[in-house]
Amino acid sequence: MDSETLLARISDYANRPDPYPLYAELREAGPVVWQADGSCLIGTYHEIAALLHDPRMSADPRSRTSPSPSEESGRLPFLRLDDPEHHRQRTLTMRPFGPPHSPGRVDAMRGEIARITDELIEALRDREQIDVVDDFAYPLPITVICRLMGVPREDEALFQAWTDVIVASADIGPDEDTTERDKAGLQARQEMGRYLVNLAEQRRGRPTGDMLSDLINEPDPALRLSAEELAENTILLFIAGHETTVNLITNGVLTLLRRPDELDRLRHDPGLLPRAVEELLRYEPPVHMRERSPLADIDVAGTTIPQGTSVVLVLASGSRDPKRFHEPDRFDPTRPDNEHFGFGSGIHLCYGAPLARIEAETALGALLPRLATARLVQDPPPYRQNAMLRGPRHLSVQLPTG
């Protein structure tokens with residue numbers, strides 16, 4: 001049956017520019033759509049929401065019937081753990097990042113984010129053509145997170161290279177041999193982790209006011225992460241906080257350039273930007289899929305899913321479900337009741353969401369005046385290989401001169 005090949009077709013690079021017809025096919029065939037490799041896809045809003053909040057659903061890849069060798073042997077960040085260990089590590093990592101222990105840290109980054117954004121915009125001043133990814137959307141979040149963590153500027157390029165390899169290794173695809181990809185991802189994680197632990201150790205007893213320094217200088221021994229936990233969870237912040245924000249900004253620019261009326265509307269009413277960012281998170285989200293597995297046999301809409309099954313929750317499909325959203329295929333920056341899956345949901349809701357929102361609002365607000373009469377050089381643009389973290393690899397834009 002065609003439905004049994006949906007994951008393969010979604011993963012096929014040829015469908016990267018527009019996977020949404022496949023998501024419509026998934027919803028029509030669902031809610032539970034079995035694949036030839038024994039996994040199943042779920043793309044309907046209400047079923048995804050229920051499973052994201054179901055304690056029987058595990059984020060730990062070791063709960064699957066067939067985890068990869070690297071997943072079985074390596075340490076995992078809290079994003080891929082279950083409670084109670086997930087809660088413990090998430091809580092300790094969050095202490096120097098956000099509420100309730102550090103409520104002002106993210107908001108205090110607004111000025112720094114604006115300065116970094118202005119520097120990047122200034123560098124584009126005399127350019128007639130730019131690549132939104134390479135010239136703006138990629139350097140902005142990597143710089144923000146490096147400043148947040150206290151990474152020296154001269155080492156930021158290292159994190160770009162490591163991030164690319166780790167993201168590629170996490171891609172969800174049909175049944176295939178991922179041995180080499182897994183090995184490269186593990187090596188990149190180990191190198192990044194060693195760097196971050198060494199940098200943190202240099203600041204032990206000599207705090208420098210950054211998040212890495214706060215983590216290593218936590219005064220209460222019961223609230224400290226181990227070296228291995230510090231490595232995995234700071235890596236997570238780089239990966240989750242960088243790659244997704246790049247895609248959010250780039251998808252936002254692409255969406256608005258395709259809709260000049262909406263772009264003009266936002267230029268004249270920048271107060272709409274926060275709601276526009278929420279709509280972008282629904283309409284063209286940076287994260288399209290998440291993998292889970294049941295800890296026991298579960299029933300979903302009358303279908304039994306056995307323990308250990310790989311269940312791919314197609315979040316981007318859920319956020320376009322017409323049973324939940326009015327005219328879901330229309331971009332509407334004033335959309336009310338916009339409870340999308342752009343940052344997930346449940347206990348694994350993205351804890352970097354407040355920072356990503358500030359970055360996207362600041363970035364798009366700064367770019368909008370320059371995009372008034374800009375045009376896309378190539379549409380659709382070339383996309384990244386990754387079907388799970390979907391976004392253009394390049395986005396060439398012709399800017400007005402004079």
*Find the accessible area per residue for the stretch 30-149; the probe is 1.4 Å, ligands and nucleic acids are left out, and the unit is Å².*
44 Å²
*asked:* Give me the extension gain from Thr304 to Glu228: residue separation times 0.36 nm, minus the current Cα-Cα distance, reported in nm with one decimal.
replied: 23.6 nm
*Report the extension gain between Glu154 and Thr178 in nm, rounded to one decimal, defined as 0.36 nm multiplied by the number of residues separating them, less their alpha carbon distance.*
5.4 nm
*Once fully extended, how much extra length lies between Asp337 and Asp12, figured as 0.36 nm per residue of separation less the alpha-carbon to alpha-carbon distance?*
113.7 nm
*asked:* Below 8 Å between Cα atoms, with a sequence gap of 6+, how large is the relative contact order for the stretch 223-315 in percent?
replied: 22 percent
*asked:* Pairs of alpha-carbon atoms within less than 8 angstrom and 6+ residues apart define the contacts here; what relative contact order does the stretch 302-402 have, in percent?
replied: 17 percent
*At a 1.4 Å probe radius, carbon and sulfur cover how many percent of the accessible area of the stretch 84-135?*
52 percent
*Mind checking which of Gly241, Gly104, Gly342 has the largest fluctuation in a GNM of the chain, springs on alpha carbons under 10 Å?*
Gly104
*Share of the stretch 202-330's accessible area from carbon and sulfur, percent, 1.4 Å?*
49 percent
*Can you list residues whose amide H is under 5 Å from Ser66's amide H, if they're 5+ apart or on another chain and H is modeled 1.01 Å from N?*
none
*Could you state the accessible area per residue of the stretch 170-247 in Å², with a 1.4 Å probe and every protein chain left in place?*
46 Å²
*Alpha carbon centre of the stretch 209-284 versus the stretch 304-347: separation in Å?*
19 Å
*Which whole-Hz ³J(HN,Hα) couplings does the stretch 284-297 yield from phi under the Karplus relation 6.51 cos²θ - 1.76 cosθ + 1.60, θ = phi - 60°, glycine and proline marked x?*
9, x, x, 10, 9, 9, 9, 9, 9, 8, x, 7, 8, 4
*Computed over the stretch 130-287: relative contact order in percent, which uses C-alpha pairs under 8 Å that are six or more apart*: 26 percent
*Give me the distance between the Cα centres of the stretch 102-128 and the stretch 7-73, rounded to whole Å.*
36 Å
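The values are calculated or read from the model by the stated rules, or taken from the named source; none is laboratory data. Quantities reported herein were computed from a predicted structural model and do not represent experimental measurements. Side chains are part of the model used for accessible areas, which takes the heavy atoms of the whole protein and leaves out ligands, DNA and RNA. Shrake-Rupley method; radii C 1.70, N 1.55, O 1.52, S 1.80 Å.
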